[in-house]
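Everything on this sheet refers to the single structure shown next.
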Amino acid sequence: MDIDGTHANDGYADPAAIRRILQDTGDTWAVVGLSGNRSRAAFGVAEVLRRFGKRVVPVHPKAETVHGEQGYASLADIPFPVDVVDVFVNSELAGAVADEAVAAGAKAVWFQLGVVDRDAFARTRAAGLDMVMDRCPAIELPRLGGAA
């Protein structure tokens, strides 16, 4: 059983979806909640994503440049296509971000460890996007053997 009381077989951490998102979905990741604060988990995860060849676009109200990449205040402000939206906000706010990801034309949504919204999962999947919840790509990428 996972920390939120779900089981991996609920589909929220489907190994095939994890692999598709990390290997096949594309390399432009918008990281919602990423700021220049080095002590936040989003900062470290962004570093790992970059090491694995991902372009990391910060999305934060401050719109700070992080890891040399211009930040944006919202997903709607990003003037180019985004493949994956990685969400570092609490579960109560995450559903709205998933809806914004769908509206922005993202191909997949990734909710970080501890972030779960079953309704958002259903809406996002119904819109045709892959989605993973309560997982961290910085943990999952090395498990793929560096093939991402």
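The values are calculated or read from the model by the stated rules, or taken from the named source; none is laboratory data. Quick caveat, the model's predicted, so the values are computed rather than measured. Every residue, glycine among them, receives a Cβ derived from its backbone with ideal geometry; neighbour counts consider all protein chains shown. Please note that ligands, DNA and RNA were not included when accessible areas were found on the heavy atoms of the full protein model with its side chains. Shrake-Rupley method; radii C 1.70, N 1.55, O 1.52, S 1.80 Å.
Over the range 59-139, average the accessible area per residue using a 1.4 Å probe and give it in Å², no decimals.
Accessible surface, normalised per residue, equals 44 Å².
Counting residues in the range 22-72 as N, plug N into 2.2 N^0.38 Å and put the Cα Rg over that result.
The value comes to 1.04.
Out of these labelled values of volume of the Cα convex hull per residue in Å³, [x] 127; [y] 154; [z] 100, which was calculated from the coordinates shown here?
Only one option fits the structure, namely [z].
On the accessible surface of the chain, probed at 1.4 Å, how many percent belong to carbon and sulfur atoms?
Here it works out to 49 percent.
Determine ³J(HN,Hα), in whole Hz, for all residues of the range 39-44 in sequence, where each value follows from phi through the Karplus function 6.51 cos²θ - 1.76 cosθ + 1.60 and θ = phi - 60°; x replaces Gly and Pro.
Residue by residue, the range 39-44 yields 7, 8, 4, 4, 5, x Hz.
Under a 5 Å amide H to amide H cut-off, with H placed in plane at 1.01 Å, what residues pair with T28 once short-range neighbours are removed?
Placed amide hydrogens put R55, D83, V84 under 5 Å from T28.
Calculate, for R51 and R20, the FRET efficiency according to 1/(1 + (r/R0)^6) with r their C-beta to C-beta distance and R0 25 Å; round to the nearest 0.05.
Step by step, r from the Cβ atoms, then E = 0.80.
Charges only on Cβ, +1 for Lys and Arg, -1 for Asp and Glu: so what's the dipole of the range 29-148 about the Cα centre, in debye to the nearest 20?
The dipole of the range 29-148 has a size of about 360 debye.
Given the -39500 (n - 2.57) contribution per DSSP H run of 4+ residues, what per-residue ellipticity at 222 nm results for the chain, rounded to the nearest 500 deg cm²/dmol?
Result for the chain, helices only: -9000 deg cm²/dmol.
Output ³J(HN,Hα) for the range 12-20: one whole-Hz value per residue in order, computed from phi by the Karplus curve 6.51 cos²θ - 1.76 cosθ + 1.60 with θ = phi - 60°, and x for Gly and Pro.
Listing the rounded values in order: 6, 9, 4, x, 5, 5, 4, 5, 4 Hz.
Please list 3J(HN,Hα) in residue order for the range 90-95, calculated via the Karplus relation 6.51 cos²θ - 1.76 cosθ + 1.60 where θ = phi - 60°; whole Hz, with x for glycine and proline.
Listing the rounded values in order: 6, 4, 5, 9, 5, x Hz.
With a 1.4 Å probe and all protein chains kept in place, how much accessible area does L113 have, in Å² rounded to the nearest 10?
Probe radius 1.4 Å; accessible area of L113 about 100 Å².
Given H placed on each backbone N at 1.01 Å, which residues far from M131 in sequence or on other chains put an amide H within less than 5 Å of it?
Correct list: V109.
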